[in-house]
Amino acid sequence: MGLFDVVKGEKVIRYIDLFCGIGGFRIAASQVCLEYNIKPQCVFSSDIDPDAQQVYSKYFGEKPAGDITKIPADSIPDHHLLLAGFPCQPFSICGVLKGFEDTRGTLFFEIARILEYKKPLAFVLENVKQLFGHQQGKTLKVIIDILEKLGYNVTYKILNALDFGLPQKRERIFIVGCLEPIPFEWPMPVRTIKPLKEILETTVAASYYASEQIRLNRLAKYQGKNDNEPTIWHENKAGHISAYPYSCAMRAGASYNYLLVNGERRLTEREMLRLQGFPEDFQLLTSYCANRKLVGNSVAIPCVAGVIRSLFEAVEH
Ligand SMILES: C[S@@+](CC[C@H](N)C(=O)[O-])C[C@H]1O[C@@H](n2cnc3c(N)ncnc32)[C@H](O)[C@@H]1O
């Protein structure tokens, strides 16, 4: 199977969207397909989280299937491309360092199981950058070895959303595989970053503002200068405050005041979506807490789009 079929003179790509969350991979795939005049057909999606399923079905009109561990590979439609931003908790230095001992870590094997049975031409996987160094690189080596044994030519790289025009420092590992050897080249960094001013909303409800006590506490710890340009204040685990003209990576499980705009307020839902490159018509739920988790778990869309574009270029070569 190639990467596309030609149906009535039109190129069609069938793909599956595993661990789809709110659909960051799907939006990226649609954007790149539009550029290449290819019709995208998402033939299967899955996510276990009811909140993610709700947001996804509202935007794409399809409810993702649930727990992937319960889905037989032979019930998944044939596809050319497998996309998966698989759960990162076991590899994250911010989570518990358990790796494959943690049952969530075994979810990679669900991807391997589907690849083995369905043999799509290519895949794009994404995970936290800590996967790279986890257990002195052994975890990543296990993953790459398995993918290569399945017959894939595999390459991986850490990409940063800041290099793709978004004002968010978000480093993630991308793993790309293809059954055929292809001249795959990783996307080049984009030089211009969207200024924070274009991300931040002008009118923000009082409920987003941190308490006076928290704001004063941040100010007391902050050593930098204050100018008129907006910044996002970031508190690291040691309590050190830094302010940047971009956001540090949004994280699903971070404390409420981990990122504060100008040291004063939390990001709104729209700002969080913009920091990941979501379209303006994308809608979330009503719960701020649920939304933070969904967007923090999602992907920087221009990064994923860059990788899919590189894959299309390499296959078309
Ligand atoms: C890192 S997030 C991926 C988010 C997605 N790329 C996006 O754009 O929103 C991992 C996702 O895996 C889902 N997940 C965890 N265990 C799962 C399982 N057993 N079956 C299906 N989905 C699962 C989580 O609910 C979460 O949404």
Take the residues of the stretch 241-261 that are farther than 14 Å from MET272 by Cβ and away from the ligand (no atom under 16 Å from the Cβ): which is nearest to the chain's Cα centre (by Cα)?
-> SER255
Of the conditions (1) assigned to a helix (DSSP H, G or I); (2) charged (D, E, K, R); (3) in contact with a Ser or Thr (Cβ under 9 Å, 6 or more places away or on another chain), the single one that ARG251 does not satisfy is (1)
Pick from the stretch 110-158, criterion in contact with a strand residue (DSSP E or B) (Cβ under 7 Å, 6 or more places away or on another chain) and acidic (Asp, Glu), ranking: nearest to the ligand (Cβ to nearest atom) | GLU126
Among the residues of the stretch 280-298, which ones are out of contact with any helix residue (DSSP H, G or I) (no Cβ under 7 Å at 6 or more places or on another chain), within 14 Å of the ligand (Cβ to nearest atom) and closer than 21 Å to GLN31 by Cβ?
-> ASN297
Answer yes or no: is there a residue in the stretch 217-227 that is farther than 24 Å from LEU140 by Cβ, at pLDDT 90 or above and assigned to a helix (DSSP H, G or I).
-> no
Scope the stretch 39-62; condition within 13 Å of the ligand (Cβ to nearest atom) and either surrounded by fewer than 20 Cβ atoms within 10 Å (Cβ to Cβ) or assigned to a helix (DSSP H, G or I) (or both); matching residues = ILE48, ASP49, PRO50, ASP51, ALA52, GLN53, GLN54, VAL55, TYR56, TYR59, PHE60
Answer yes if at least one residue in the stretch 24-32 is within 8 Å of the ligand (Cβ to nearest atom) and among the polar types (S, T, N, Q), and no otherwise.
-> no
Within the stretch 269-289, track down each residue that is part of a loop (DSSP other than H, G, I, E, B), surrounded by 22 or more Cβ atoms within 10 Å (Cβ to Cβ) and of a type outside the set (Gly, Ala, Ser).
-> GLN276, PHE278, LEU284
Given (1) out of contact with any Pro (no Cβ under 9 Å at 6 or more places or on another chain); (2) within 21 Å of VAL299 (Cβ to Cβ); (3) modelled with pLDDT under 90, index of the condition THR139 fails = (1)
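The values are calculated or read from the model by the stated rules, or taken from the named source; none is laboratory data. Since the structure is predicted, the reported quantities are computational estimates derived from the model, not experimental observations. In this analysis, Cβ positions are derived from the backbone assuming ideal geometry, glycine residues included, and neighbour counts consider all displayed protein chains.
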